[in-house]
Amino acid sequence: MTEHPIQGLMKTTMESIKEMVDVNTIVGEPVESSDGQVIIPISKVSFGFASGGTEFNGKSKGNKGEGMTASDNSLPFGGGTGAGVSIMPVAFIVVGNGSMKLLPVDQNANMLNSIIDTIPKIATGIQNKLKSKESNVKNENSCDNN
């Protein structure tokens, strides 16, 4: 059985998309900075695909019934395909100096990341203040008892 024209269109389009899909598109090539840190870009990749087609019997009101009929084996075919790709950087992974950081491109996410990074510092500060207050209270109590 011969291949239908829409199959050829879809096959060509899918092969092209397959060539574009690569892990290096999402996780980019690492780049080493002059201070020894390695920067790895991370991107969001979106693909879209559409195809369609139709066969015409050649009869319409305009040609008064002349042309090809549905019993013919080779009806005229009209069709098309399309694809779209969107690549958007979303973050950078920075590795070096004994640490690893995720630096998002989105400013709102970057602010959230900064807040999350400062939480341990704030918690340590609160713990230190509570400990110093406890030691002050103990010192005052021991002074009152003497």
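FYI, it's all coordinate maths here, none of it is from the lab. Since we're looking at a predicted model, the values are computed, not measured. Ideal geometry is used to build each Cβ from the backbone, glycine not excepted, and the neighbour counts take in all protein chains shown.
Subtracting the Cα-Cα distance of residue 38 and residue 116 from 0.36 nm times their residue separation leaves 25.8 nm of extension gain. Loop-located GluC sites (Glu not before Pro) across segment 1-61 with a Cβ neighbour count of 11 or fewer within 10 Å are 3, with loop assigned by DSSP. With the simple model of a label 7 Å out from the Cα in the direction of the Cβ, residue 47 to residue 23 spans 1.6 nm.
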